[in-house]
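Just so it is clear, none of the values below were taken in a lab; they were calculated from the coordinates. This one's a predicted model, so the numbers in the text were calculated from it and none came from an experiment. Cβ: placed from backbone, ideal geometry, glycine included. Neighbour counts: every protein chain shown.
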Amino acid sequence: MPVASVDLPNIAANTPLWLALLTTFVGAVSGAVIGRTPGRTTYDIVGITVFAFFLGVGGGLTRDLLLGNLPPLALRSPWYVVTVLAAVVLVLLIGRWIRVQGWTFILLDALTLGLYAVIAAQLAIEFGLPDIGAIVVGFLASISGGVMVAILRGETPQILRPSQPYAILALIGTTLYVLFDQINGAAAALLCVGSVIVLRFVTLNWNVRTRSVRPLSQEPSRDSADEERGQPGPAQAD
């Protein structure tokens, strides 16, 4: 008796609109919550909306700008901006009860990270970029929104500091997708998103963190050493 084959949907090449909007919504909620989180600066409605916009559609804007896919997809359809505004309204109304550090939101955030990476990498492949180029586009698309928000807040982006791995997970997922896409695009997309989600929970559960790189030692110059001993340097020997 023949075994029926399972036709997996390729969520990278044919992303359903509801899934793309869910990705936008989760990112926008994160951005709006960041805007309402107490810190050195408080933000008005414009600031919160800008944060929500960049975390909601910043990855797509980066992807389309890198590929010359203009105008960006997020601006061709009204639903992306509407979704961002809906996320802002939600956070303004019930933001204090949204548990950004809860497991459900972390799951959705990891899903967002993986989807941004895989969709951008797939589009880069369709534009004819080599594998390394597709990996770079997927990686940058997945992290650019958070980097933009951090810069606007006057902070060093978290992905550049010792912290729980985030950008590394996006890089791993994107690389897996590009490597296995030629074998089976649908399975490669699920592998990318699934690996990002699993690794996100593993690193949280085990409190895995990146470490700072030991800075280069500063060897004192000969002139500085002579000055510390109270002796003239070579130019003052006369």
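What list do you get for I172, I34, I94 if you sort them by fewest beta carbons within 10 Å?
I94, I172, I34
Any number yet on Rg/Rh for region 1-158, C-alpha, Kirkwood?
Rg/Rh for region 1-158 comes to 1.03.
Is the C-alpha gyration tensor of region 90-226 telling us rounded, prolate or oblate? Criteria: a/c under 1.5 is rounded; beyond that, a/b larger than b/c is prolate, otherwise oblate.
oblate
For region 17-205, what's the relative contact order in percent, using C-alpha pairs closer than 8 Å and at least 6 residues apart?
Worked out over region 17-205, it gives 22 percent.
I need the shape label for region 104-161. Rule: rounded when a/c is under 1.5, else prolate if a/b > b/c, else oblate, with a, b, c from the alpha carbon gyration tensor.
Verdict is oblate for region 104-161.
Span-like helices, the chain: DSSP H, alpha-carbon axial extent 27 Å or more, mean Kyte-Doolittle -1.0 or greater, which ones?
17-36, 45-67, 103-126, 131-152, 185-205
Ignoring everything except DSSP H segments at least 4 long, calculate the 222 nm mean residue ellipticity for the chain; use -39,500 (n - 2.57) per segment, divide by total residues, nearest 500.
It comes out at -21500 deg cm²/dmol, rounded to the nearest 500.
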